[in-house]
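The values are calculated or read from the model by the stated rules, or taken from the named source; none is laboratory data. Predicted model only: the values in this text are computed from it and were never measured. With ideal geometry, Cβ positions are generated from the backbone for all residues, glycine too; neighbour counts draw on all protein chains shown.
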Ligand code: 13P
Ligand code: SF4
């Protein structure tokens with residue numbers, strides 16, 4: 001486990017904590033060695049106690065390490081799932097275990113709640129690839145073309161855009177727009193994946209995820225060869241086009257998890273951030289996970305000691321300037337409205 005925040009004393013593993021956390025350890029015993037548990041369990045116990053005391057909820061992204069994902073999170077999911085959960089919670093405090101833009105999205109949807117990200121420096125190379133001024137420039141260069149922003153952007157960027165999307169709903173969002181041409185920013189690989197699934201003309205930006213851009217089609221083909229084709233390859237749409245081309249399934253982080261859990265392939269390669277395989281492996285023992293490990297250094301800034309510190313101090317709090325928030329919220333809410341409409345149509349279809 002990473003070192004404690006300054007002035008935080010390591011917590012002691014007592015007989016009482018051992019008993020209190022025994023059933024929690026059962027959930028992670030295949031991915032966390034027993035000798036590590038005494039260092040982890042005291043944090044798990046204290047975080048779960050403080051959560052109740054402070055009326056806080058922990059929303060954790062699928063890239064959190066198993067010690068966070070399986071032991072202290074109240075809800076886990078992809079960016080879309082976490083945004084939806086943020087609209088549903090009654091808790092006064094939201095601890096967003098993920099990166100800064102995810103916490104900002106939760107704040108946009110809950111302006112009156114305390115929203116905390118345990119490490120303010122947990123950024124994202126996609127969010128950093130574009131500014132509000134860039135979007136204004138694009139707007140001028142392409143008058144009348146709707147701008148869809150991936151949710152992996154700052155509130156300032158969202159404020160300049162018409163609607164958000166995530167990897168879980170990108171195609172539906174694009175199809176919901178009337179225009180035949182759509183600007184889809186900032187991830188060029190996500191945009192090229194969308195372009196293959198729509199008749200609309202997709203314009204984009206040169207942003208990339210520093211984690212997914214490192215995978216190559218050559219590497220994926222080599223895995224297929226190594227296992228004589230007896231391997232299922234599932235990839236995130238932030239990967240380069242040759243990786244997407246070589247994959248059996250492409251989807252959001254939750255889409256990938258559901259695929260592995262439902263299809264139960266004998267052997268699977270999850271082409272995404274490392275912790276995903278660990279988190280699913282803890283629940284699914286009959287699938288062999290092959291792990292080409294690319295870590296997201298930003299996601300990995302979130303640790304149990306930092307979550308504990310956040311609960312103790314109720315910080316660092318994420319804030320968004322009200323005028324920016326009002327405009328950015330519209331883009332996020334427009335996305336959630338398309339999702340609700342789709343869910344309503346599906347429900348009607350089932351009834352009919
Ligand atoms: P998901 O919305 O699929 O969870 O993706 C978020 C992300 O940052 C992937 O790198
Ligand atoms: Fe951003 Fe990539 Fe990390 Fe996701 S994995 S948070 S897109 S840098």
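Assorted remarks:
- Within the stretch 33-55, the set of residues being touching a helix residue (DSSP H, G or I) at 6+ places or on another chain (Cβ under 6 Å) and free of Cβ contacts under 8 Å to residues at least 40 places away in the same chain comprises 37, 41, 42, 45.
- Single unsatisfied condition, residue 76 versus (1) more than 16 Å from ligand 2 (Cβ to nearest atom); (2) in a strand (DSSP E or B); (3) under 16 Å from the mean Cα position of the chain (by Cα): (1)
- Residue list for the stretch 39-71, filter: farther than 17 Å from residue 115 by Cα, away from ligand 2 (no atom under 16 Å from the Cβ) and within 17 Å of the chain's Cα centre (by Cα): 66, 67, 70
- Close Cβ contacts (under 6 Å, 6 or more residues apart or on different chains) running from residues in the stretch 56-73 that are without any contact (Cβ under 8 Å) to a residue 60 or more places away in the chain and under 23 Å from residue 110 (Cα atoms) to residues that are within 16 Å of ligand 2 (Cβ to nearest atom) and part of a loop (DSSP other than H, G, I, E, B) are absent.
- Residue-level analysis places residue 19 outside the set of residues that are part of a helix (DSSP H, G or I) and buried (at least 17 other Cβ atoms within 10 Å of the Cβ).
- Failed condition for residue 294, given (1) more than 16 Å from ligand 1 (Cβ to nearest atom); (2) surrounded by fewer than 20 Cβ atoms within 10 Å (Cβ to Cβ): (1)
- Of everything in the stretch 108-135 that is over 19 Å from residue 322 (Cα atoms) and without any contact (Cβ under 8 Å) to a residue 60 or more places away in the chain, the residue that is farthest from ligand 1 (Cβ to nearest atom) is 135.
- From 122, 127, 103, residue being modelled with pLDDT of 95 or more and either surrounded by fewer than 19 Cβ atoms within 10 Å (Cβ to Cβ) or not in a helix (DSSP H, G or I) (or both): 122
- Pair list, Cβ < 6 Å and 6+ apart or interchain, from the stretch 86-107 residues that are within 16 Å of residue 73 (Cα to Cα) and in contact (Cβ under 8 Å) with a residue 24 or more places away in the chain to residues that are part of a loop (DSSP other than H, G, I, E, B) and within 16 Å of ligand 1 (Cβ to nearest atom): 96/117; 97/64; 97/302; 99/122; 99/124; 99/298; 103/117
- Set 191, 247: member being within 16 Å of ligand 1 (Cβ to nearest atom), within 23 Å of the chain's Cα centre (by Cα) and farther than 30 Å from residue 321 by Cβ: 247
- Enumerated helices (runs of 4 or more DSSP H) restricted to the stretch 141-252, each holding at least 1 residues that are within 15 Å of ligand 2 (Cβ to nearest atom) and crowded, with 24+ Cβ neighbours inside 10 Å: 155-159, 170-175, 188-195, 241-246
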